[in-house]
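Novice: The structure under discussion is supplied below as structure tokens; questions concerning it will follow.
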Amino acid sequence: MNWLKKRHGRLVPPGLEITILRKLPLMTFVGTLLIVTLPVLARTLPVQAGVDRAKHIKTVDIFAIATEITLLTAVFTVAIGCVVVHIMKGPAYIADPLPVSHSDKPKPEPRRDADEPS
């Protein structure tokens, strides 16, 4: 039994969600490269006098890992949103009509008197 019939002739052009979805890999790659530069710079640049070098590098590494996890979570969330919007823009369906007895001539509402409580 075919409950829903596809509506023919309805073409929705790809919108902003496809553009964003196509740019996400590049954005992820560039963002990851920017985040990786922090630990590289922490290892190559000289540290100020009186600062423990190992502790400084460890702190920068932890910050870089946390930032990368946040970036990947944001990218994943945006990707899910783009996929959902793309699916929602899919083909239109027509359901079987359900005849309503009073669709053309609605019944009048019952009249209320002023002394009746509402």
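The values are calculated or read from the model by the stated rules, or taken from the named source; none is laboratory data. In this text, all values refer to a predicted model and were calculated from it rather than measured experimentally. When we count neighbours, we look across all protein chains shown, and the Cβ atoms used for this are built from the backbone with ideal geometry, even at glycine.
Novice: Output the number of residues of segment 12-43 satisfying the condition of being among the β-branched types (Val, Ile, Thr) and modelled with pLDDT under 90.
Specialist: Here the count works out to 1.
Novice: Within segment 44-93, how many residues turn out to be under 30 Å from Pro14 (Cα atoms), modelled with pLDDT under 95, part of a helix (DSSP H, G or I) and among the aliphatic types (A, V, I, L, M)?
Specialist: Qualifying residue count, segment 44-93: 5.
Novice: List pairs: first residue in segment 52-65 and closer than 17 Å to Gly31 by Cβ and in contact (Cβ under 8 Å) with a residue 24 or more places away in the chain, second residue of a type outside the set (Val, Ile, Thr) and assigned to a helix (DSSP H, G or I) anywhere in the structure, Cβ distance under 6 angstrom, at least six positions apart or on different chains.
Specialist: Correct list of pairs: Ala64/Leu38; Ala64/Pro39.
Novice: A follow-up question, please. Scan segment 66-89 for residues that are in contact (Cβ under 8 Å) with a residue 12 or more places away in the chain and within 13 Å of Leu16 (Cα to Cα) and jot them down. Spell out the reasoning first.
Specialist: Applying the first criterion (in contact (Cβ under 8 Å) with a residue 12 or more places away in the chain) to segment 66-89 yields 67-68, 71-72, 75, 78-79, 81-83, 85-86, 89.
Passing the criteria: Val78, Ala79, Gly81, Cys82, Val83, Val85, His86, Lys89.
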